[in-house]
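I have placed the structure first, in the form of structure tokens, so that the comments after it can refer back to it.
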Amino acid sequence: MLALDRQNRYRARYRAGHPGWRPATEVYEDLIRQHLRPGMRVLDLGCGRGGVFEQLGDLIEKPIGFDPDPASLREHRLPDLPRAVALADALPLRAACLDMIVCSWVFEHLADPARVFAEAARTLRPGGCFVFLTPNATSLIALINRTLRPLQRGLVPALYGRAEADTFPVRYRANTMAQIAALAAGAGLSCEILVRVADPTYMAFNGLMFRISAALAQVTPPVHLVGVLVKG
């Protein structure tokens, strides 16, 4: 099993050999910090049991969390976070009430991403931003994931130690740079930033697999997409 602490050790090893490289989660958090201003109302869309709000702490003065899974909301690690059960394509919010939406590991599960992007645009104020982190559907890891999709519910807990209840079906309908750019344009959002980030640690079950994965990372598409979409 590839536990998170082992994966992070391999990330540190990869970073040491690739100056300037950062994991996608760090790039994502840094983009949020760059766009935060005092008094902003920020929605964590698909907040689950925790996420980036745990790292940002008091920097976010008016946080909100939405997730479709009631159990995850009950078990959220920030007990004082205002949160509610809600779907990304039907946000229970008035128009132009948010300054920022942050969203990680959600796009890959969306059945109708155009509706989700439209809801983001509707609820953001002019100048508001939508910061996201999601897998890149053209990466080798995504290809393997699609190939093994019938076995996903059993393989993910076995390989990565995640509970079966936390393993959701993937669709990859908003997971290429072209898809995201088209969805953003259709919703009236502009792509301020859209970058791909490599990470060879998802198959690093041992030292040999890490070296193979690191070599493949040089010739295959990066595993993550991180970006900022802006309204107006």
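The values are calculated or read from the model by the stated rules, or taken from the named source; none is laboratory data. What you see is a predicted model; the values in this text were computed from it and never measured. Heads up, the Cβs are rebuilt from the backbone with ideal geometry, glycines too, and the neighbour counts pull from every protein chain shown.
A single entry from Arg74, Arg83, Arg11, Arg37 fulfils the requirement of being surrounded by fewer than 18 Cβ atoms within 10 Å (Cβ to Cβ), more than 17 Å from Gly128 (Cβ to Cβ) and among the basic types (Lys, Arg): Arg74. State yes or no: is Pro126 at negative phi, surrounded by fewer than 19 Cβ atoms within 10 Å (Cβ to Cβ) and modelled with pLDDT of 95 or more? For Pro126, the condition - at negative phi, surrounded by fewer than 19 Cβ atoms within 10 Å (Cβ to Cβ) and modelled with pLDDT of 95 or more - is met. If only residues of the range 199-230 that are aliphatic (A, V, I, L, M), assigned to a loop (DSSP other than H, G, I, E, B) and touching a residue at least 12 places away in the same chain (Cβ under 8 Å) are counted, the one that is farthest from Arg11 (Cα to Cα) is Val223.
Examine the range 88-98 for a residue that is farther than 21 Å from Asn8 by Cα, among the charged types (D, E, K, R) and in a strand (DSSP E or B), and state whether such a residue exists.
no
Only residues that are in a helix (DSSP H, G or I) and either at pLDDT below 95 or crowded, with 19+ Cβ neighbours inside 10 Å (or both): list them for the range 40-54, please.
Val52, Phe53 - these are the residues of the range 40-54 that are in a helix (DSSP H, G or I) and either at pLDDT below 95 or crowded, with 19+ Cβ neighbours inside 10 Å (or both).
Residues satisfying the criterion are absent from the range 157-167 (criterion: at pLDDT 90 or above, small (Gly, Ala, Ser) and either closer than 24 Å to Arg22 by Cβ or over 17 Å from the mean Cα position of the chain (by Cα) (or both)). Restricting the range 174-198 to residues that are buried (at least 20 other Cβ atoms within 10 Å of the Cβ) and not polar (S, T, N, Q) leaves a set whose member that is farthest from Arg15 (Cα to Cα) is Ala187.
Just to verify a result, which residue in the range 76-87, among those that are in a strand (DSSP E or B) and touching an Asp or Glu at 6+ places or on another chain (Cβ under 8 Å), is nearest to Ala174 (Cα to Cα)? Out of the qualifying residues, it is Val85. Residues in the range 192-232 that are β-branched (Val, Ile, Thr) and either closer than 17 Å to Pro23 by Cα or out of contact with any strand residue (DSSP E or B) (no Cβ under 7 Å at 6 or more places or on another chain) (or both): Ile193, Val195, Val197, Thr201, Ile212, Val219, Thr220, Val223, Val226, Val228. Figure legend. Inter-residue proximity from the range 36-50: first residues more than 15 Å from Ala88 (Cβ to Cβ), second residues crowded, with 18+ Cβ neighbours inside 10 Å and among the hydrophobic types (A, V, I, L, M, F, W, C), beta-carbon distance below 6 Å, spacing 6+ or different chains. Indicated pairs: Met40/Met100; Arg41/Leu98; Val42/Ile60; Val42/Met100.
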